[in-house]
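Only one structure is covered here, and it is reproduced in the block below.
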Amino acid sequence: MNSLERYLATIDGKPVDHLARLPILMQFAAEHIGNNYGAFAEDYRVRTEANLACAREFGIDQMNTMSDPYCETQAFGAKIIYERNMCPRCEKHPLEEDPDFSKLPRPNPLEATRMRDRIEAIRSYHQTVGGEYSIMGWVEGPAAEATDLRRMDNFFMDLMDDEGYSAGLMDLCVDVALDFAKPQIESGADTIGIGDAAASQLAVDTYERLVLPREQRLVRGLKEMGAKVRLHICGNITHLLPGIATLGIDVIDVDHMVDLRTVREVLGPKVVIGGNLDPVADVMRSNPDAIRQAVLQAYARAGNPFMVNAGCEIPSRTPVENLRALCEPVPWQANPSAG
């Protein structure tokens with residue numbers, strides 16, 4: 001059973017030989033091949049080379065296309081600055097001063113520089129390792145992209161002051177995300193990740209009234225295109241779990257401050273839980289033996305179906321031996337017991 005089949009089987013809750021491993025690597029991957037984060041974000045050839053090298057060396061089961069949150073934002077007209085050793089930054093958010101989103105250009109995924117770059121990354125993966133590895137495309141969720149366009153402080157004020165405006169902006173973000181996902185899936189992505197980190201900062205009523213319906217439409221559209229859906233919301237999402245349970249996602253990344261037993265109780269037996277080791281304390285600053293034990297404990301708390309991951313991106317200074325320990329094969333168990 002190759003890694004793609006293992007990944008899909010795990011989502012379906014079927015017994016497999018070992019748990020799939022899906023750590024998020026960005027700056028670590030770039031530097032591991034002697035390159036830098038700016039090049040990784042800007043050029044799909046660096047990104048695919050770095051991710052594939054790490055997949056083969058450490059035993060990772062999914063090819064990733066993530067680099068930073070500003071892919072769609074650039075297509076809306078933002079200038080993105082690429083830093084050598086840190087995340088790219090948005091020089092000025094497109095709606096930072098003028099909130100009128102009707103003035104924004106409508107992104108064309110096949111023409112916008114960074115959107116096209118992500119599509120090319122998926123094509124490259126599909127041509128070189130398609131069938132050997134799962135391939136994950138990526139789109140920004142409605143709250144995340146609205147934040148990128150307006151700037152976080154502005155958008156959070158919008159949510160309080162003008163719900164109609166906020167809803168309209170997020171509707172546009174979902175429309176563009178679906179437009180963007182289609183060529184990614186057609187190019188070979190079997191999974192689409194949704195990053196909606198800004199949502200973790202919202203109160204339950206705001207999330208469920210304004211953001212959740214747009215996430216539901218996005219997930220529904222992605223699944224109608226034939227993709228599996230992986231949701232990534234950094235931070236403490238405990239209060240959002242009842243709403244998330246209605247999305248119909250296949251995989252959820254869980255950050256380290258969220259209790260995995262609670263996630264399983266709320267989301268049910270079919271959603272694949274990934275996580276949730278603290279990327280700094282439990283991975284970068286830990287040691288191989290402690291990491292192996294922490295993975296087993298996370299598996300015991302989450303139960304099946306489960307994928308090995310940290311709560312978020314693996315830090316760039318993580319010792320190689322620690323990442324190797326995180327990715328060591330963990331045999332699938334019918335009833336994982338607490339370690």
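The values are calculated or read from the model by the stated rules, or taken from the named source; none is laboratory data. Fair warning: this is a prediction, and the values are worked out from it, not measured in the lab. Note: ideal-geometry Cβ built from the backbone for every residue, glycine included; neighbour counts use all protein chains shown.
In table form, for the structure just shown:
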item	result
Positions within segment 162-189 being assigned to a helix (DSSP H, G or I) and either polar (S, T, N, Q) or touching a Gly at 6+ places or on another chain (Cβ under 6 Å) (or both), in sequence order	SER166, LEU178, GLN184
Any helices (runs of 4 or more DSSP H) falling wholly within segment 220-320 and containing at least 1 residues that are hydroxyl-bearing (Ser, Thr, Tyr) and more than 15 Å from the chain's Cα centre (by Cα)	260-267, 288-302
Condition met for ASP179 (out of contact with any helix residue (DSSP H, G or I) (no Cβ under 8 Å at 6 or more places or on another chain), surrounded by fewer than 23 Cβ atoms within 10 Å (Cβ to Cβ) and more than 20 Å from TYR133 (Cβ to Cβ))	yes
Single unsatisfied condition, PRO109 versus (1) at pLDDT 95 or above; (2) closer than 28 Å to VAL254 by Cα; (3) not basic (Lys, Arg)	(2)
Listing of helices (runs of 4 or more DSSP H) fully contained in segment 43-161 that carry 3 or more residues being of a type in the set (Val, Ile, Thr)	113-129
Count of segment 12-51 residues which are buried (at least 20 other Cβ atoms within 10 Å of the Cβ) and among the β-branched types (Val, Ile, Thr)	3
GLU186 vs. criteria surrounded by 23 or more Cβ atoms within 10 Å (Cβ to Cβ) and either on the phi < 0 side of the Ramachandran plot or out of contact with any Ser or Thr (no Cβ under 6 Å at 6 or more places or on another chain) (or both)	no
Failed criterion for MET152 (all others in (1) touching a residue at least 60 places away in the same chain (Cβ under 8 Å); (2) within 23 Å of PHE101 (Cα to Cα) hold)	(1)
Residue match in segment 329-339 (condition: more than 23 Å from CYS234 (Cα to Cα), part of a strand (DSSP E or B) and at pLDDT below 95)	yes
Residues of segment 304-339 satisfying the condition of being within 14 Å of GLU57 (Cβ to Cβ) and touching a Ser or Thr at 6+ places or on another chain (Cβ under 7 Å)	ASN322
Residue match in segment 22-33 (condition: under 29 Å from LEU178 (Cβ atoms) and free of Cβ contacts under 8 Å to residues at least 40 places away in the same chain)	yes
So VAL251, is it closer than 18 Å to ILE60 by Cβ and either buried (at least 20 other Cβ atoms within 10 Å of the Cβ) or modelled with pLDDT under 95 (or both)	yes
Subset of segment 1-42 [in a loop (DSSP other than H, G, I, E, B) and of a type in the set (A, V, I, L, M)]	MET1, VAL16, LEU19, ALA20, LEU22, ILE24, LEU25, MET26, ILE33
Residue tally, condition over 16 Å from LEU19 (Cβ atoms) and either among the acidic types (Asp, Glu) or out of contact with any strand residue (DSSP E or B) (no Cβ under 8 Å at 6 or more places or on another chain) (or both), over segment 301-322	10
